[in-house]
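The values are calculated or read from the model by the stated rules, or taken from the named source; none is laboratory data. Quantities reported herein were computed from a predicted structural model and do not represent experimental measurements. Heads up, the Cβs are rebuilt from the backbone with ideal geometry, glycines too, and the neighbour counts pull from every protein chain shown. Ligands, DNA and RNA are stripped out before the accessible areas are found, and what is left, the full protein with its side chains, is counted by its heavy atoms. Shrake-Rupley method; radii C 1.70, N 1.55, O 1.52, S 1.80 Å.
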Amino acid sequence: MTEPVRLSKRMSELGLCSRREADEWIERGWVRVDGSVVAVLGSKVLPHQRITIERQASAQQAQRVTILINKPVGYVSGQAEDGYKPASVLVRPENHWAEDPTGLQFHPSQLRSLVPAGRLDIDSVGLLVLTQDGRIAKHLIGEHSSVNKEYLVRVQYAKPGRLPDADLKRLNHGLSLDGKALKPAKVRWQNDDQLSFTLWEGKKRQIRRMCEAVDLRVLGLKRVRIGNIKLGNLPEGQWRYMREDEQF
C-alpha cells in the first residue's frame, strides 16, 4: 500500500476504532498524524505515517459498553420491522441479569449508538452482541472476521430413517447458497434430534437453508457461543455486560 488513503479508513484498518468513530474524533481534533492535529474530514495519509489519538478519545472509548443478551423468539436483531421489536428494547434495568459479574450499573447513555454486532433471526434464540464499540463490531462482522459461532439446532428429518452420513458430510463441506460455495463448517450430532453447528461465516438464515438442502426441518435454533464467549447460564430475555477480561 503506497497510495494515500482516507485517514478514517486507515484508523479502522489499524484497529484504533470504527470509521464512524474516526470521523467523530477527527472533527473534534482528537487525531494526530505525525504529531500534528488533523481536523478535516476526508484527509488522507500514507501508510508510513504515525497516527495517534488524544486522551479524550481513549477515555470516551473506555466508557463504551458491550452487552450480551439472550435473545428470545419474536425479537429482531436490528431495527424494528413488520411490527416486531428490536432486541435492544430488552436492555433495561429490570432485565439486567442479577448475577452479572461486572458490577456495572445501567445508565440510559449506554443505549446511545448501541448496535448489534451480527444477526440472529426472529425465530432463533441465544447469544446476541450489542455494542457501542466500533472495534468490537468490526472484529465480529467485518469483512475479514475470523470469529466462529456455535449453534445448537433441533431438527427433524423429512424422510424415513436417519440423515445419511453423506448428507452430514455435505453440511460440513460441500453446500452452496446463492450460487456461492459455503466455507467449511463443523457439524456433528449432539443427540438423536439435535445438531451442533460451528460456522465461520453468517449468511442470512444460513443454518435453516443448509438444513433444507439435506431435507432437515429446523424445529429450534439457539446460538450458544461467539468466539470464546459462551451464553452460559444467562436466562432468556436477560442481559449482562461483557467483562473487561473477556475476548471474542
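Where only DSSP H runs of four or more residues are counted, the chain gives -5500 deg cm²/dmol as its mean residue ellipticity at 222 nm, each run worth -39500 (n - 2.57). Placing +1 on the Cβ of every Lys and Arg and -1 on the Cβ of every Asp and Glu, with nothing else charged, gives the chain a dipole about its Cα centre of roughly 460 debye.
Reported value for region 63-208: 155 Å³ per residue, from the convex hull of its C-alpha atoms. The largest accessible area among E246, E236, E13 belongs to the first residue in E236, E13, E246, and the rest follow in falling order (1.4 Å probe, all chains). The heavy atoms of D165 offer some 110 square angstrom of accessible surface to a 1.4 angstrom probe.
Between L219, N233, W200, the Cα set farthest toward the positive side of the dipole of region 200-248 (charges on each charged residue's Cβ, about the Cα centre) is that of L219. Heavy atoms of the protein chains alone define the surface here; on that basis region 149-248 has 57 Å² accessible area per residue at 1.4 Å probe size. For region 1-146, the share of accessible area belonging to carbon and sulfur comes to 48 percent (1.4 Å probe, ligands and nucleic acids excluded). Extension gain for Q105 to K85 (0.36 nm times residue separation, less C-alpha to C-alpha distance): 4.8 nm.
A simple count of charges around N228, restricted to other residues whose Cβ falls under 12 Å of its Cβ and scoring Lys, Arg +1 and Asp, Glu -1, yields +1. The stretch between R162 and D192 holds 9.9 nm of extra length on full extension. This uses 0.36 nm per residue minus the Cα-Cα distance.
Between E54 and D123, how many nm apart are label points set 7 Å from Cα along the C-beta direction? Result: 5.2 nm between the two label points. Does anything in region 161-184 have its amide N under 14 Å from the 7 Å Cα→Cβ label point of V224, and if so which residues? No residue passes the distance filter.
For V76, the residues whose amide H sits under 5 Å from its own are K85, A87, ignoring neighbours fewer than 5 places away on the same chain, with H placed 1.01 Å from N. By a 1.4 Å probe calculation restricted to protein chains, T2 has an accessible surface near 110 Å², given to the nearest 10. Cross-link partners of K230 among lysines, defined as those whose alpha carbon lies under 19 angstrom from its own and excluding same-chain residues fewer than eight positions apart: K71, K149, K186, K222. Determine the relative contact order of region 67-120: mean sequence separation of Cα pairs under 8 Å and six or more apart, normalised by residue count, in whole percent. After rounding, I find 34 percent. Neighbours of D167 by Cβ distance under 15 Å: Lys/Arg scored +1, Asp/Glu scored -1, total +4.
With a 1.4 Å probe rolled over the protein heavy atoms of all chains, the accessible area of Y157, Y84, Y151 falls in the order Y84, Y157, Y151, largest first.
Straight-line cross-link reach from K180 at under 17 Å between alpha-carbon atoms covers these lysines, not counting any fewer than eight positions away in the same chain: K203, K204. Each other residue within a Cβ distance under 12 Å of L219 adds +1 if Lys or Arg and -1 if Asp or Glu, for a net charge of +2.
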